[in-house]
Amino acid sequence: MSSNTTSGTERDGRTLRLRPTATAPAGVPVRHFDELPERAQQLLAEYDGRGTVAVTPEVASLFADEPVVVFSEYLRVELA
């Protein structure tokens, strides 16, 4: 992927789980792709359908509120 991702073995990294969803549950923040910082946009643009992605703590912090992102579909972002 890109420099925004890490190997799954890095101690300081976090894992993002990306999963398609049909709706945004009540109380979950919704963000549009074009409103995200460039690093976050790049990560989502490179998303290849795998369930989880290892990321740096800096990138994980961009998704700390675990939003639903409106991209080509709704993607629920969860930190693990």
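Rule-based calculations on the coordinates, nothing more; no lab input. Since we're looking at a predicted model, the values are computed, not measured. Don't worry about glycine lacking a Cβ; one is built from the backbone with ideal geometry, like all the others, and counts go over all protein chains shown.
Applying 0.36 nm per residue to the separation of residue 74 and residue 28 and subtracting their alpha-carbon distance, the gain on full extension is 15.3 nm.
About its Cα centre, the chain has a charge dipole of approximately 240 debye under the convention of +1 per Lys or Arg Cβ and -1 per Asp or Glu Cβ, with nothing else charged.
A helix-only calculation puts the chain at -4500 deg cm²/dmol for mean residue ellipticity at 222 nm, using -39500 (n - 2.57) for each DSSP H run of at least four residues, averaged over all residues.
Expressed as cubic angstrom per residue, what is the convex hull volume of the alpha carbon set of segment 14-79?
75 Å³
In the neighborhood of residue 62, defined by Cβ-to-Cβ distances under 14 Å, what is the net charge if each Lys or Arg adds +1 and each Asp or Glu adds -1?
Surrounding charge for residue 62 is -3.
When only Cα pairs below 8 angstrom with a gap of at least 6 residues are kept, the chain shows a relative contact order of 48 percent.
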